Every structure is written in structure tokens, then in C-alpha cells.
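Novice: Got a structure for you, questions after.
The values are calculated or read from the model by the stated rules, or taken from the named source; none is laboratory data. Nothing here was measured: the structure is a model prediction, and the numbers come from that model. A quick note on method: Cβ atoms are made from the backbone with ideal geometry, for glycine too, and the neighbour counts reach across all protein chains shown.
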Amino acid sequence: MKIIQSIHSLIKSLSLREKLFALYIIALCNMDYAAFLFQGRRVMYADLIFIFLLPAVILNIARENNWSMALKLLLPFSPLLIFFIPSFYNSISLKSSLAEFGALAYLGLLGAVTAYTAVKSGKGFRVFLYLWVFTASFVALVGLTAFIAALADKNLLYGNTLLFYSKIESVAHHFPRIDSLYENANMFLTYLHTAIAFAMVLFLGEDATARRKLIPVCLLIMLVAAFLTGSRRFTGLLLSLFLILHWIKGGRKATLFKHIAFISFAVFFAVSVITSIWVVFPLKIIKGKDSVMPRLNIDSSYSLHLLPPLVSLEIFKKHPFLGCGLGTYNKKFKENVDWNFLEGSFGFEAYPSYAAQVKDRTLNFDPHSAYLGALAETGLVGFLGLIFFLLMYGRMMLAVIRQEGGSSARKAAAYCIMAGFLGFILNGLIIDILTMRHFWFMLGTGLGLYYAGENADA
């Protein structure tokens, strides 16, 4: 009863703006079912909540007449948008480019709103981080429950919306991949990535013994679920975890965990590179009738993961300065694929569903890389804008960490956000991190730390 009363009191103490912000966090845990489609893009229930959240924030700023703070929070996100605008010149679909630009503007606003909430809430922003971590832990538990149930009864494997299992999973992973309430396992992994970074923020800044014991339980649940997503992006998560553990510099346990995290990162990094280029099929031990020694045979082919980078570079060669146009990569994909090379060098034993699409020339992919996608769609101008944006953000986090006289809790929080950020930067090589709402939420949290000063020991 005390817990229920405490939650009730907490909810009553929140302003309307903060309640909407909390609802947005909860809604982000369900990214599998869209509210509707707009210009081919999925509009989620969280996005509908943001429609009400943004005016609430603007109204609060107007009441305080604090427009300088609003501009200050928007400024770090503006270079990315400004440097992407020139790519419209080569766009073959202005509608697609405007839709993509609008989506990026929305994510920039999300980062600014998160930063504003962090600044205004101060230490109270912990409540929202706890909500994020507990929500992510619940979603991870849902996925783990489905995974265990499927192992116990294979009838629960196929058609299970909480898991993903196809031919490639039986070849490469040997287990169903957890995607839980997310559209796919890769996106679910990146969502857990942010939650683990936030959990470390709370753990390092928490004094209450009970909550400090609860956070490691949440971390364990999320780490196990993250591993069972079977995603190459687990590499970036392990990098973030290693960096945080390296910064803690605790006793023997911390050192042991740090070494385990580093070794795991190195192994997963090597596996990630290999599987980004080849699909390695199960080993075959063959012994002929006249042969004394058995022969070990490893079947492999180029992975389809290699295809988007090749197409991205081909588009970049044709449009090196301004790119082919923001949001038009898919429209340019087919004319930049070497179909003969694809048919002759890529095996489809692991991807039987793609064989027909290759034959009739309908195969299509997203860039699956923030950097190569930027090079292809926005050219050198947009790519340099992206690099400038990332470097500027990293510099801001370093400023908090290196600040003389700053509180240890605030520095620890900034370091955890920085570690999470660097993990995403690495994963950006093989996934488009710029389209992820949870990534921008994390950026906004760090930005709030930067601007909050000593009042934001979050």
C-alpha cells in the first residue's frame, strides 16, 4: 500500500507537462504497432503524445518568458538540419525529402524538450530515468518470457510477434531473436542500450540501499534480453558498458567486470565485422570412401549486409557533394545495384525470401548506416554537418566531465551518457541511429546536464 500511495503522490505532484513527458516515455516501449502511416512512415502513439507535449513546453516557456533558454537548447541540433538542406537540390522526390527533413526536425525537438525537462526538473529528472529503466526492464521481461516459452514449446515459436525466427536465425544464431514490443530486434537492442546507460546513471548516483540493489537486477534482465536480440549492435552496447566500468575504477569486482566487458566487446566486434561481410554456414565434416582423413568444409557467401554499403558508395560517387537527396535512398537503390554481381556472389540459402526479389529486380534496402546513408543522400556537405554535430555534442559532454568543482554525481551521469553516446557512434556504422527516438532522448538528457549546471545532479 505504501508503494501505491507513494506512486499516487508522485503522479499528483507532476505538472501536466511532466505527466505528458512520462506518458511519452511509457509509449516509447511499444514501437511494434503504429497509430497510422504518413508518407510511408510509421507514426507511433508516442508521436501523438508529443503533439500535446510540445505546446505544453512552449506554453511553459512563454509564461516564464525564457526564450533564450529555448534557443540555447535548439542550437546544438540545428547544424545537422542546416547542412542537410542543400541535398534537396538533387532530390527526385521533394515530398520524400521534406518528409525526412520533418522527421529529423521532430527528433531534434524531442531532444530539446528532453533537455528542457532535465533543466527544469533538476534532481527530479531521476524520476523519468527510473521510469525509463523500469519500463525497459518490463519490456525485456516480456521478451524473455516469450523466449523461454518458445524453447519449452516450439508451437509458440512461429507466428510469435515477440520473437523473430527465420532461416538466417537457424543458420547464424541458432535461437529465436527477441524483439518484444519493438518492430525488430535491432531497434529493441538500441532501446535497451539507452536504458542500460540510464541505469548506470542511477546506480552511480543512488544513495538509497533498496533502489541501489534493484538497479543491478534491472541491468541483468536487460543485458540478457539484449544478448538474445542476436544483433550485431550488441557490440556498441558492450563498448559503452566497458567505458563506464573503466571510469568507475572500483575494487576487484569492478575490475573483473571491466575485463569481461572488454573481452566480450573484442569478440563481438570481430564477429560483427565478419558477419557484416560474409554469411558463414555451419561447418561440414566430409569423409570420402577412399579418404583416410576427413575434410572440413566451411560454406560461405557474401552477406546481404554488405549490399547497402556498396550501393551507398555507388550513389556517393555519382553525387559526391550534395548527395542524391535526403530521403531518396530507396528510390535510387535499384539503379545503383550491380545485379549481376549480386546474383553471382551472394548466397541466398540463408535468405530464401530475397531470391525472388533479386530475380525480378525488386530487392530494396535502407542504408543501414548513419554515415554511409548521409554520404549517399546528403553528400560531403551533409556528412560533414553530421560529423560536426557529433563532435560538438561529444565536446559538450566532455566539458561537464572535466568541469572543476562540479559534483561527482553530475560528472558520473555525464560520463554514462558519453559512454552510451560513443557506443551508438560505433553502431552508427551498421544502423541508422539518427532515426531512433530513444537516441535523441539520450542526447537531450546529456544536453540537459550541460545546461543545468549544479542544479542538475541527475
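Novice: Could you list, in sequence order, the residues of region 136-158 that are more than 20 Å from the chain's Cα centre (by Cα) and among the small types (Gly, Ala, Ser)?
Specialist: Within region 136-158, Ala146, Ala149, Ala150, Ala152 qualify.
Novice: Just checking, does region 137-150 include any residue being surrounded by 20 or more Cβ atoms within 10 Å (Cβ to Cβ), modelled with pLDDT of 95 or more, farther than 19 Å from Phe268 by Cβ and among the hydroxyl-bearing types (Ser, Thr, Tyr)?
Specialist: Yes, there is a match, as at least one residue in region 137-150 is surrounded by 20 or more Cβ atoms within 10 Å (Cβ to Cβ), modelled with pLDDT of 95 or more, farther than 19 Å from Phe268 by Cβ and among the hydroxyl-bearing types (Ser, Thr, Tyr).
Novice: State whether one or more residues within region 404-423 are part of a helix (DSSP H, G or I), of a type in the set (Asp, Glu) and without any contact (Cβ under 8 Å) to a residue 60 or more places away in the chain.
Specialist: no
Novice: Please go through region 102-124 and give me each residue that is under 22 Å from Asn65 (Cα atoms) and of a type in the set (Phe, Trp, Tyr), ordered by number.
Specialist: Scanning region 102-124 gives a single hit, Tyr116.
Novice: Considering only region 341-357, state which residues are crowded, with 17+ Cβ neighbours inside 10 Å and within 17 Å of Glu314 (Cβ to Cβ).
Specialist: Listed by number, the residues that qualify are Leu342, Phe346.
Novice: Could you please let me know if Ile285 is farther than 26 Å from Tyr182 by Cα, at pLDDT 95 or above and loosely packed, with under 14 Cβ neighbours inside 10 Å?
Specialist: No.
Novice: Further question on the same structure: Looking at Leu398, Leu342 in this structure, which one is within 17 Å of Pro76 (Cα to Cα) and assigned to a helix (DSSP H, G or I)?
Specialist: Of Leu398, Leu342, the one residue that is within 17 Å of Pro76 (Cα to Cα) and assigned to a helix (DSSP H, G or I) is Leu398.
Novice: Please enumerate the residues belonging to region 23-55 that are of a type in the set (Gly, Ala, Ser) and farther than 19 Å from Trp440 by Cα.
Specialist: Ala34, Ala35, Gly40
Novice: If you don't mind, there's one more thing I want to ask. Take region 60-84 and flag every residue that is without any contact (Cβ under 8 Å) to a residue 24 or more places away in the chain and not basic (Lys, Arg).
Specialist: Once the filter is applied, which keeps residues that are without any contact (Cβ under 8 Å) to a residue 24 or more places away in the chain and not basic (Lys, Arg), region 60-84 yields Ala62, Glu64, Asn65, Asn66, Trp67, Ser68, Leu71, Leu75.
Novice: Would you call Leu156 of a type outside the set (Val, Ile, Thr), surrounded by fewer than 22 Cβ atoms within 10 Å (Cβ to Cβ), touching a residue at least 40 places away in the same chain (Cβ under 8 Å) and more than 30 Å from Leu384 (Cα to Cα)?
Specialist: Considered against the rule, which asks whether it is of a type outside the set (Val, Ile, Thr), surrounded by fewer than 22 Cβ atoms within 10 Å (Cβ to Cβ), touching a residue at least 40 places away in the same chain (Cβ under 8 Å) and more than 30 Å from Leu384 (Cα to Cα), Leu156 comes out as no.
Novice: Can you tell which of Phe77, Phe83, Phe36 is at pLDDT below 95, among the hydrophobic types (A, V, I, L, M, F, W, C) and buried (at least 16 other Cβ atoms within 10 Å of the Cβ)?
Specialist: Phe77
Novice: Quick one: which residue in Phe77, Phe21, Phe50, Phe84 is over 29 Å from Tyr130 (Cα atoms) and either in a helix (DSSP H, G or I) or in contact with a helix residue (DSSP H, G or I) (Cβ under 8 Å, 6 or more places away or on another chain) (or both)?
Specialist: Only one candidate qualifies: Phe84.
Residue by residue, here is whether (1) in contact (Cβ under 8 Å) with a residue 12 or more places away in the chain; (2) among the polar types (S, T, N, Q) holds:
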position: Ile3; (1), (2): no, no
position: Ser6; (1), (2): no, yes
position: Phe21; (1), (2): yes, no
position: Ile26; (1), (2): yes, no
position: Ala35; (1), (2): yes, no
position: Val43; (1), (2): no, no
